[in-house]
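Read-outs: derived from the displayed coordinates by stated rules, not from any lab. Remember, it's a predicted structure, so these values are computed and weren't measured experimentally. Ideal geometry is used to build each Cβ from the backbone, glycine not excepted, and the neighbour counts take in all protein chains shown.
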Amino acid sequence: MTDPADHYETIVIGAGPAGLTAALYLARYRREVLVIHDGKSRALRIPKTHNVPGFPDGIEGPDLIEHMTRHAEEFGTRIKEAKVTGIEPTDTGFRLTGSIGETWESRAAILASGILLNQVDLPHEVHEAAIEAGVLRYCPVCDGYEHSGARIGVIGCDSDGAAEALFLRQYSVDITLMPLSHPELSREQASEMADAGIAVETGALLALEPHDDHMEVRLDGRDAPLSFDVIYPALGCRPRGELAEQLGIELRNEGCVPAGAEKDSGVPGFFAAGDVVEGLDQISVAMGHGALAATKAHNWLREQDRHTLQADE
Ligand SMILES: Cc1cc2nc3c(=O)[nH]c(=O)nc-3n(C[C@H](O)[C@H](O)[C@H](O)COP(=O)(O)OP(=O)(O)OC[C@H]3O[C@@H](n4cnc5c(N)ncnc54)[C@H](O)[C@@H]3O)c2cc1C
């Protein structure tokens, strides 16, 4: 016999900037809210962010998440670590199942599950140490500024890589685009690179060797490694949109929940927020989505109840 499900008014899947903002708003709308997360917020990997408004000296990702967690808990949010593997509609809302057979039910649900990066092939600890050292970066919008004037290598010689190299050109004249296996630039893109003074290598990536203050890159056909202050892989990502798909939501752009789902996902009572939604993958955007999704979920519940607040409530 399975355990009876825990019941909540609202469940938020994800404890990153989107999910924790949604939870804070819901708790302050006096909604019962449970956050379920599997410990993989991308924000936990940020050594120090400098573009979150309100922190002029920057803030470390784990500190930001800790403050946001405490803030949401302060107003009554419950937080549980578990992996949600299933979601289905019920007569009264949604039933969620966890990877070890747990079940939860809620009237409304917010998916704030983020994305997983496609990363370069390095052992996990070496990879994370290179991020911490600042010689490996994945988000020019986040930290291109910190690499102004640096020797920058971009991995991924296709349209994504070309777009990223051009974006980084704002910060440095020394940009090199390198393929993972072989260059896939159109003639037009190749001439755009040349016009912008971006060097394009053709040999496949053989190895990355991170050091404390630079990254060495070994390419097929070159005897000596190339040396860069920082490397930006432009290899795309995998949005964690499976639960939305289980509800019949059609995903876009390699698995994103369609833009606008923070206001209306098309499934009554279900909303989405943050990186998993098509758009700019940034903390401030995730927070804004979280606020919108929570407000929409709250108003949706009020409509369901045809609820009129009494003056003394
Ligand atoms: C190295 C690095 C540096 C960055 N620097 C910056 C920066 O300077 N500025 C900036 O704005 N952004 C930066 N970002 C991006 C930023 O981290 C993300 O935009 C932000 O974390 C998105 O918030 P989110 O809540 O949508 O997703 P996330 O923070 O990724 O949170 C997703 C949550 O969902 C949970 N989850 C997912 N699926 C499930 C499931 N099935 N069951 C249970 N839980 C689940 C995860 O455990 C996690 O708690 C950086 C990212 C990285 C990796």
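Relative to the longest principal axis of the Cα atoms of the chain, the long axis of helix 61-74 makes an angle of roughly 10 degrees.
Listed by Cβ neighbour count within 10 Å, with the fewest neighbours leading, 131, 152 appear as 131, 152. Each of 245, 105 was scored by other Cβ atoms within 10 Å of its Cβ. Listed from fewest to most, they are 245, 105. From least to most packed, judged by other beta carbons within 10 angstrom and beginning with the fewest, 36, 11 follow the order 36, 11. Taking a straight line from the alpha carbon of residue 48, these lysines sit under 19 Å away, with near neighbours fewer than eight places off in the same chain left out: 40.
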